[in-house]
Amino acid sequence: MQELIIQAKQILEKIPFMHIASVSEKGMPRNTPVWAAYDKNYTFFWKSSRDSEHSQNIIKKSDVFVVVTDYDIKRAVYMEGKAYELNDEKEIKEVLEIFYKRKGTPLEPASSVMNESIRRMYKFIPEKFYINTYSKIDGDKRIELQLN
């Protein structure tokens, strides 16, 4: 099990894109790739347009499912939890530092994702983590992990 936990952490460190699955008001599933960073507690952060469909879905229903896939090793980390738009300036400043540190580009001010700006910062708090496994005997399986 420890080997799977290490591998899951390596995938999250290596792959900056995650796919967010949300649900529209009409109950239609939506899947959106976003560039993301995360903190030591595996809370993930990304920037999106407030008008985008996934952002609107998250405002109405915070339950989402996220997948980070490493195609080189054919393995993925699956997460279920809650996503939120950030509105607190202090939290946004902290998140922007994490976000731009991973991105390796100059830090933008909090005002770039607040007030009248169409762009917003979002966070995803995973409640459960899984990794996929495969064996010729058992086939494909998802194993629940404790990353924190």
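Of all residues in segment 85-104, count the ones that are in contact (Cβ under 8 Å) with a residue 24 or more places away in the chain, assigned to a loop (DSSP other than H, G, I, E, B) and closer than 23 Å to P16 by Cα.
1
For segment 114-148, what are the residues that are in contact with a helix residue (DSSP H, G or I) (Cβ under 8 Å, 6 or more places away or on another chain) and either acidic (D, E) or not in a strand (DSSP E or B) (or both)?
M114, S117, Q146, L147
Determine which single condition L107 fails, assuming it passes every other condition in (1) assigned to a loop (DSSP other than H, G, I, E, B); (2) in contact (Cβ under 8 Å) with a residue 40 or more places away in the chain.
Failing condition for L107: (2).
Just checking, does segment 62-70 include any residue being open to solvent by 70 Å² or more (accessible area, probe 1.4 Å) and over 15 Å from A8 (Cβ atoms)?
Step one: of segment 62-70, the residues open to solvent by 70 Å² or more (accessible area, probe 1.4 Å) are none.
No.
Please enumerate the residues belonging to segment 25-54 that are assigned to a loop (DSSP other than H, G, I, E, B) and among the charged types (D, E, K, R).
Correct list: E25, K26, D39, K40, R50, D51.
Is at least one residue of segment 135-147 closer than 23 Å to E3 by Cβ, open to solvent by 80 Å² or more (accessible area, probe 1.4 Å) and in contact (Cβ under 8 Å) with a residue 24 or more places away in the chain?
Yes, some residue in segment 135-147 is closer than 23 Å to E3 by Cβ, open to solvent by 80 Å² or more (accessible area, probe 1.4 Å) and in contact (Cβ under 8 Å) with a residue 24 or more places away in the chain.
Using the structure shown, decide if I143 is β-branched (V, I, T), at pLDDT 95 or above and out of contact with any Lys or Arg (no Cβ under 7 Å at 6 or more places or on another chain).
Answer is no for this residue.
Testing Y78 on (1) crowded, with 19+ Cβ neighbours inside 10 Å; (2) over 16 Å from A36 (Cα atoms), one condition comes back false. Which one is that?
(2)
The values are calculated or read from the model by the stated rules, or taken from the named source; none is laboratory data. Keep in mind that this is a model prediction, so the values were computed, not measured. Note: ideal-geometry Cβ built from the backbone for every residue, glycine included; neighbour counts use all protein chains shown. We work out accessible area using only protein heavy atoms, side chains counted, and drop any ligands, DNA or RNA first. Shrake-Rupley method; radii C 1.70, N 1.55, O 1.52, S 1.80 Å.
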